[in-house]
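Only one structure is covered here, and it is reproduced in the block below.
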Amino acid sequence: MNFFLSYLILAEIFAIMALSTNFLVGIIGIFSVSQAALMGVGAYAYAGLAMAGLPFPIALLVAVTLCALLNVVTSLPALRLAGDYFVITSFGLQFIATAVFVNWVQVTGGSTGIAGIPAPAVLGVSFEEPQYFVILSSLALGLAALAYTLLMRSSYGRVLHAVRLNELAAGAAGRNVLKMKLGISAVSGVYAGLAGALYAVFMSYIDPSSFDIQLSMLILTMLVIGGARTLAGSVIGPFLLLMIPQVLALVHIPPELLGPTRALAFGALLVVFMLWRPQGIAGRRI
Amino acid sequence: MSVITSDRAPVVPAHPSEQTQRNLLTVEGLTKNFGGFRVLDATTFSLPEGQVTCLVGPNGAGKTTAFDCITGFLKFDAGSIRLRGDELNGLGRGDIVRRGIARSFQNLRLFDEMSVVDNVIVCLADETGNDPLTAVFRPFHSAAILRRKREKAMTILEQVELAHKAEDHVTQISYGQQKLLCIARVLATEAKLLLLDEPTSGLSATALDNMVKVIDKLSASGKTLLVVEHNTRIVRDIADRIVFMHQGRVLAEGDPQDVLDRPDLVEIYFGGGH
């Protein structure tokens, strides 16, 4: 039971993360490869504040706000660059974040990370147990999905799509393209902060390897395979990709080959989808 | 009568009536270089309010570059552009649209994964609801804003006779209808001055007639138009005035009949610009 619940919770957390990435990569066309770094900031911020004794809602709010602000501040110079240059810049941001996670020992615990991150408790019920935490993660994903739908159905969502489809024409109509990009970067940061905080609570332990470039690639792969620019795609991708390690665990593969086999499966899926279904399972072409 | 300019001297309006007509836009000494190549060479002209001015000239005359400079898509090297006397130099594209100048593009630049009506909604001058907080935290208000914008967009689509295609995907409508949609998007900005870049190019005879009717309707509604147009028959039909450009300079400015009947300009226009 716990095995399935753990899978469900992680898939829900990464679905929020895939939505965060979807806003940038799918909706407005900013190809970011540093989403794990942002998730890490959310996780570390929440962990530090919760360890200092702040209640869950306050620590969560601060983590989410910090990620939103950080995503805007780091995006500001990079958004002035054309697409390919932005990708390289976001690679740099990912490496900077990892370096900070490893070296800012007083705050992040360095390579050993932070252990014993407290879970919230409401009316004496601790959300540490998966059967309770799944309520929290499901509620979070539900709210994230609702907000995504409201955003996409509004006139704001239409302008976001317009900016991706033709930035020049959107500018010619008087839309402030930079402001739109910064706004959606903030929204993406909120989602990443939420996912990071939930991840820290659920795992109760985080270290720099939890939020490295490989995780950024995994999140992108989830989005590509599930399908960009749709809610369904952002949910299907994480549920599908996180199932692969569970399936492999059921097959009799030597433990030392589990890691490489999993990486091989992710890579092969990515290539296959790019060749035969670039829009993913339920998405639209990026 | 037309006024032929000598080399780089500023152009004087042709008709005495034009001198008293209030100019909406004044372009003076506009110069733009691309590397060592001068595309606009002290270009000078003005657009009287409420009139349709056609910008004509052979390919490479600098017409689209002038459009780009006026609308803030290109920075220019020298000169000035004034809207009702207010300097526009240094303003961004969005500011220029908000001041009242909007443009269409030669290559349409439609939002091709969106519906016809959404293409117009995105371009509306009304920016309320274009923020994430309203969309998420005031969903009913956001929905009401969208309904209001849709109604406004439908009114604009009716003006260009595209209301019946409102829900169609832009790739499902004809090229002529796509061109009309470009006009609808420009109208959505509520700009006083509309710059239309080759609105009739590539149109069938029927679509062309529709476009001319729409331009006439816009003119009758009091809009000021600057239109890049190659078809001289259309120019004679729609233009109140002509600005004739060649190699980045304004060679003549004035009445369409006078300018288009000048043998030297006809030779430049149809004779390959030699």
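The values are calculated or read from the model by the stated rules, or taken from the named source; none is laboratory data. Computed from a prediction, not measured in an experiment: that's the story for all the values here. As a convention, Cβ positions derive from the backbone with ideal geometry for all residues, glycine included, and neighbour counts pool all protein chains shown.
Does A:Gly42 fit the bill of being under 24 Å from A:Gly157 (Cα atoms), surrounded by 24 or more Cβ atoms within 10 Å (Cβ to Cβ) and among the small types (Gly, Ala, Ser)? No: the conditions fail for A:Gly42. So which residues in the stretch B:67-83 are in contact with a Leu (Cβ under 6 Å, 6 or more places away or on another chain) and in contact (Cβ under 8 Å) with a residue 60 or more places away in the chain? Hits for the stretch B:67-83 are B:Phe67, B:Leu83. In the set A:Phe86, A:Phe14, only one residue is closer than 24 Å to A:Gln279 by Cα and within 17 Å of the chain's Cα centre (by Cα); that residue is A:Phe14.
Being under 17 Å from B:Glu190 (Cα atoms), facing another protein chain (nearest Cβ under 9 Å), surrounded by fewer than 24 Cβ atoms within 10 Å (Cβ to Cβ) and not β-branched (Val, Ile, Thr) holds for only one residue in B:Arg98, B:Arg103, B:Arg109, and it is B:Arg98.
Might you let me know whether the stretch A:118-131 holds any residue that is part of a helix (DSSP H, G or I) and among the aliphatic types (A, V, I, L, M)? No, because not a single residue in the stretch A:118-131 is part of a helix (DSSP H, G or I) and among the aliphatic types (A, V, I, L, M).
Pairs linking a residue in the stretch B:142-157 that is at the interface with another protein chain (Cβ under 9 Å from one of its Cβ atoms) to a residue that is buried (at least 19 other Cβ atoms within 10 Å of the Cβ) and among the aromatic types (Phe, Trp, Tyr), with Cβ atoms under 9 Å and 6 or more positions apart or on different chains, are B:Ser142/A:Tyr156.
Which residue is farthest from the other protein chains (Cβ to nearest Cβ), if the candidates are limited to the stretch A:207-224 and must be surrounded by fewer than 24 Cβ atoms within 10 Å (Cβ to Cβ) and not polar (S, T, N, Q)? Talk me through it step by step, then tell me what you get.
Kept after step one, since they are surrounded by fewer than 24 Cβ atoms within 10 Å (Cβ to Cβ), are these residues of the stretch A:207-224: A:207-210, A:212-215, A:217-218, A:220-221.
This time we only want the ones that are not polar (S, T, N, Q), so: A:207-208, A:212-213, A:215, A:217-218, A:220.
On the way: A:Asp207: 33, A:Pro208: 31, A:Asp212: 29, A:Ile213: 28, A:Leu215: 26, A:Met217: 27, A:Leu218: 27, A:Leu220: 21 Å.
Checking each candidate, the answer is A:Asp207.
Screening A:Met274 on (1) touching a residue at least 40 places away in the same chain (Cβ under 8 Å); (2) surrounded by 13 or more Cβ atoms within 10 Å (Cβ to Cβ); (3) of a type outside the set (D, E, K, R); (4) in a helix (DSSP H, G or I) shows it passes everything except condition (2). Checked against (1) in contact (Cβ under 8 Å) with a residue 24 or more places away in the chain; (2) more than 10 Å from chain A (Cβ to nearest Cβ), B:Leu88 passes all but a single condition, namely (1).
Close Cβ contacts (under 8 Å, 6 or more residues apart or on different chains) running from residues in the stretch A:147-159 that are surrounded by 23 or more Cβ atoms within 10 Å (Cβ to Cβ) to residues that are basic (Lys, Arg) comprise A:Ser155/B:Lys149; A:Val159/A:Arg175.
State which residue is surrounded by the fewest Cβ atoms within 10 Å (Cβ to Cβ) when the search covers only the stretch B:120-133 and only residues that are closer than 19 Å to A:Ser185 by Cβ and within 7 Å of chain A (Cβ to nearest Cβ). Top of the filtered list is B:Asp131. Residue check: is A:Ile88 assigned to a helix (DSSP H, G or I), free of Cβ contacts under 8 Å to residues at least 40 places away in the same chain and farther than 24 Å from A:Ile219 by Cα? No; evaluated as a whole, the condition is false for this residue. When A:Gln106 is tested against (1) within 23 Å of A:Ser6 (Cα to Cα); (2) surrounded by fewer than 15 Cβ atoms within 10 Å (Cβ to Cβ), exactly one condition is not met: (1). Restricting the stretch A:160-169 to residues that are facing chain B (nearest Cβ under 7 Å) and closer than 14 Å to B:Asn130 by Cα, the residue that is surrounded by the most Cβ atoms within 10 Å (Cβ to Cβ) is A:Ala162. Looking only at residues in the stretch A:170-195 that are among the basic types (Lys, Arg) and either in contact (Cβ under 8 Å) with a residue 40 or more places away in the chain or in a helix (DSSP H, G or I) (or both), the one that is nearest to the other protein chains (Cβ to nearest Cβ) is A:Lys179. Remark: pairs (first residue in the stretch A:222-247, closer than 22 Å to A:Gly157 by Cα and modelled with pLDDT of 95 or more; second residue part of a helix (DSSP H, G or I) and among the charged types (D, E, K, R); Cβ separation under 9 Å; 6+ apart in sequence or on different chains) = A:Val235/A:Glu12.
Listed by position, the strands (runs of 3 or more DSSP E) contained in the stretch B:23-74 that have at least 2 residues being modelled with pLDDT of 95 or more and more than 22 Å from B:Pro256 (Cβ to Cβ) are B:23-34, B:37-48.
Results for (1) crowded, with 20+ Cβ neighbours inside 10 Å; (2) more than 14 Å from the chain's Cα centre (by Cα); (3) part of a helix (DSSP H, G or I); (4) at pLDDT 95 or above, shown as yes or no for each residue.
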{"position": "B:Pro199", "(1), (2), (3), (4)": "yes, no, no, yes"}
{"position": "B:Thr206", "(1), (2), (3), (4)": "no, yes, yes, no"}
{"position": "B:Ile215", "(1), (2), (3), (4)": "yes, no, yes, yes"}
{"position": "B:Gly222", "(1), (2), (3), (4)": "no, yes, no, no"}
{"position": "B:Leu226", "(1), (2), (3), (4)": "yes, no, no, yes"}
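Every condition in (1) buried (at least 19 other Cβ atoms within 10 Å of the Cβ); (2) facing another protein chain (nearest Cβ under 8 Å); (3) among the aromatic types (Phe, Trp, Tyr) holds for B:Phe67 except the one numbered (2).
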